[in-house]
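Here the structure is laid out as structure tokens; the discussion comes afterwards.
The values are calculated or read from the model by the stated rules, or taken from the named source; none is laboratory data. All figures in this text were calculated on a predicted structure; none of them were measured in a lab. Here the Cβ positions follow ideal geometry from the backbone for every residue, glycine too, while neighbour counts run over all protein chains shown. Areas reflect the complete protein model, heavy atoms only, side chains present, ligands, DNA and RNA absent. Shrake-Rupley method; radii C 1.70, N 1.55, O 1.52, S 1.80 Å.
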Amino acid sequence: MDVITLTQRLLAFDTVNPPGNESSCAAFLYDLLAAAGFEAQLHPMPDGRTNLVAYMGNGTGKPLAFTGHLDTVPLGHQPWQVNPFAGDIIDGRLYGRGSTDMKAGVAAFVSAAIAGAGRLKQGPGVLLLITCGEETGCDGARHLVQSIALPPVAGLIVAEPTLNRPAHGHKGVLWLKATSRGVTAHGSMPERGDNAIAKAARFITRLENFTFDTPTHPVMGRPTINVGTIKGGLNVNSVPDLAEIEIDLRSVPPMQHAELTTQIAQLANDDAEISTLLDLPPVWTDPNVPIVKRIGDICAARTAAPMRQASVSYFTDAALLQPALQNAPTVILGPGDPALAHQTDEYCIVDNITQAVEIYGAILTDFAEM
Ligand SMILES: [Zn+2]
């Protein structure tokens with residue numbers, strides 16, 4: 001099956017998350033990889049959704065790993081001009097929800113791995129980590145790293161859309177909820193109550209002045225903080241006894257989220273209790289690490305785009321997979337324009353997908369010869 005047909009087959013599975021429903025798509029890839037001689041295993045989550053791990057190699061050394069997710073974001077409120085699950089090709093563009101983010105990327109590394117299977121079988125080989133539930137906060141990858149021990153790998157390629165140019169990391173995400181509690185009373189007698197909204201407001205003012213004690217990252221820049229939601233109070237004539245805010249922090253290495261959470265909790269003091277909603281650490285690999293440099297050279301030769309240090313604006317499963325893979329060198333590299341991810345009428349340029357297969361194939365060949 002050629003890579004375009006494979007992408008179309010993957011697009012035909014409705015894996016909009018929520019709810020995801022990735023299992024039949026994962027089972028389809030399981031059959032394909034098992035038939036090609038891969039040691040493949042489905043790793044279901046308690047809710048029935050499934051991750052897929054496949055390996056081809058002789059059991060020695062560290063394989064090269066690829067990862068991609070099978071779920072997509074919802075279709076959105078705007079009507080689509082094309083059927084989002086039909087995989088129509090119009091003017092060299094392959095349309096569909098998940099074409100760019102990231103079924104083309106999964107199809108490309110699966111195609112390259114199957115094409116190179118004969119050679120990969122003679123060496124450390126390749127490990128494919130195909131996940132569910134990425135778009136809602138890397139739920140599949142979290143389950144995978146908690147339920148099985150991943151083997152050491154030589155490197156990890158995350159096939160998220162980068163127009164086939166390597167990127168070396170992304171910021172971390174830390175979403176916190178701050179809950180302020182008070183005592184309710186009649187609005188005409190506020191002195192009898194304890195106003196939870198006033199506590200939240202005092203805390204927000206302190207957050208406005210929060211400064212990060214971390215150096216500026218040479219590529220990703222500064223960490224950020226933003227209060228994204230606020231809820232509190234039931235009616236105008238009561239003293240509110242509950243207020244909640246949600247805080248979106250984006251971190252850069254070498255920041256530690258546990259430390260950051262402690263700092264925010266200290267800032268909240270008695271005005272709010274802090275709980276964690278999402279915790280995905282930052283990802284960064286020095287572009288001069290040998291395997292990353294070789295991948296960069298291969299991409300530069302095929303895309304005519306010079307190698308440069310880069311990061312992506314989205315988070316990826318690498319936030320959880322890289323620590324579980326003993327901090328293996330990690331590159332984000334895949335077909336598709338990241339600007340088209342999550343868009344109405346999402347598409348991926350067909351030539352970009354075939355180019356990704358060539359690049360992954362060249363990387364696997366180079367790796368086998370290392
Ligand atoms: Zn993605």
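If you take just the strands (runs of 3 or more DSSP E) that sit entirely in the stretch 165-258, which of them hold at least 3 residues that are free of Cβ contacts under 8 Å to residues at least 40 places away in the same chain?
Values: elements: 172-181, 224-232, 242-251.
Fully inside the stretch 165-258 and qualifying: 224-232.
Each residue in the stretch 76-86 was checked for being under 19 Å from residue 24 (Cβ atoms) and surrounded by 15 or more Cβ atoms within 10 Å (Cβ to Cβ), and 2 pass.
Does residue 97 meet the test of being modelled with pLDDT of 95 or more and open to solvent by less than 10 Å² (accessible area, probe 1.4 Å)?
On the way: modelled with pLDDT of 95 or more: yes; open to solvent by less than 10 Å² (accessible area, probe 1.4 Å): yes.
Yes: the conditions hold for residue 97.
Of all residues in the stretch 48-58, those satisfying the criterion of being modelled with pLDDT of 95 or more and either closer than 23 Å to residue 125 by Cα or part of a loop (DSSP other than H, G, I, E, B) (or both) are 49, 51, 52, 53, 54, 55, 56, 57, 58. Here the stretch 295-344 is the region considered, the condition is being charged (D, E, K, R) and surrounded by 16 or more Cβ atoms within 10 Å (Cβ to Cβ), and the residue that is nearest to the ligand (Cβ to nearest atom) is 317.
When the stretch 127-184 is limited to residues that are small (Gly, Ala, Ser) and open to solvent by 20 Å² or more (accessible area, probe 1.4 Å), the one that is farthest from the ligand (Cβ to nearest atom) turns out to be 182. Take the conditions (1) more than 23 Å from residue 246 (Cβ to Cβ); (2) among the basic types (Lys, Arg); (3) not assigned by TED's automatic domain parsing to the domain that holds residue 267; residue 192 misses just one of them, which is (3). Does residue 61 count as open to solvent by less than 10 Å² (accessible area, probe 1.4 Å), out of contact with any Cys (no Cβ under 6 Å at 6 or more places or on another chain), in a loop (DSSP other than H, G, I, E, B) and more than 16 Å from the ligand (Cβ to nearest atom)? So residue 61 fails the test.
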